[in-house]
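Below is one structure; the comments refer to it alone.
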Amino acid sequence: MVERKLIIEDLTLGYEGYFEAAELYKMINGLIRAKEYDPVEVRNFEYVGEKGKTIEMELLPYKKITEYAKYEIKIKIRMDNVTEEVIEIDNIKKKINKGKVKIIFKAFFTTDYEDVWEGKPWMFIFRTIVDKFIFPSYVHKWEEGLVRDVNMFHTEIKTFLNLYHYKGQKAITKPTIDYSGEIVDTTSINPTQY
């Protein structure tokens, strides 16, 4: 039976200011591929309201660690009140988006994702023994790797968005960034050490 363990719940990144929606999406996709995750886009839609566009995306990249274990990261992106403005940076006019961005990360550690160990009763017993006595050190190492990956995604996206503050100090107002999160299993993993 497939087991999904929630490692990181609701690690949130908030941003308000100027940004480029298409470049943000390309950057996130590039990060996913750079860390050798397989990208899966679950949902992507936008609608236009009175104050601007609202864009919602949900990504579920995964990375197979072994035939037995894999990482899954759920990334929810919501952009509210997105408008297109023309600004001047170094005497060059450029179209850029302005609005609010909220990105929420959830990380899951999944074992027996191909449901191989549940076929026969003796395999279930064997899997229980392996999980209890052989894999604990490996599982802890794999979970730490997942936390490192999610924290890297969070930091890189935060840095990317924060750069828009410095792309023409006169044209772009200072953005506000806030983030919060919760590690579910605090006994085994400390995300601040990475």
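Which value in Å does the Kirkwood hydrodynamic radius of the stretch 1-104 take, with 1/r averaged over all unlike C-alpha pairs and then inverted?
Result for the stretch 1-104 stands at 15.6 Å.
Please list D80, D10, D149 in order of solvent-accessible area, largest first, computed with a 1.4 Å probe with all protein chains present.
Ranking D80, D10, D149 by accessible area, largest first, yields D10, D80, D149.
Report the calculated FRET efficiency for L163 and I129 (r = Cβ-Cβ distance, R0 = 41 Å), to the nearest 0.05.
The calculated FRET efficiency here is 0.20.
Using only Cα atoms, what is the ratio of the radius of gyration of the stretch 47-107 to 2.2 N^0.38 Å?
Its radius of gyration relative to the 2.2 N^0.38 Å reference: 1.66.
Highest mean first, what order results for 62-69, 41-48 on Cβ atoms within 10 Å?
For the peptides 62-69, 41-48, the packing ranking is 62-69, 41-48.
Efficiency by 1/(1 + (r/R0)^6): what FRET value for K94 and E46, r their Cβ-Cβ distance, R0 = 25 Å, to the nearest 0.05?
0.70
When only the heavy atoms of the protein chains count and the probe is 1.4 Å, how do L6, L31 rank by accessible area, highest first?
L6, L31
Taking R0 as 25 Å, what FRET efficiency do you get between T12 and D38 from their Cβ-Cβ distance, rounded to the nearest 0.05?
0.55
The values are calculated or read from the model by the stated rules, or taken from the named source; none is laboratory data. All values derive from a computational prediction rather than experimental measurement. All Cβ positions, glycine included, derive from the backbone under ideal geometry; neighbour counts span all protein chains shown. Areas reflect the complete protein model, heavy atoms only, side chains present, ligands, DNA and RNA absent. Shrake-Rupley method; radii C 1.70, N 1.55, O 1.52, S 1.80 Å.
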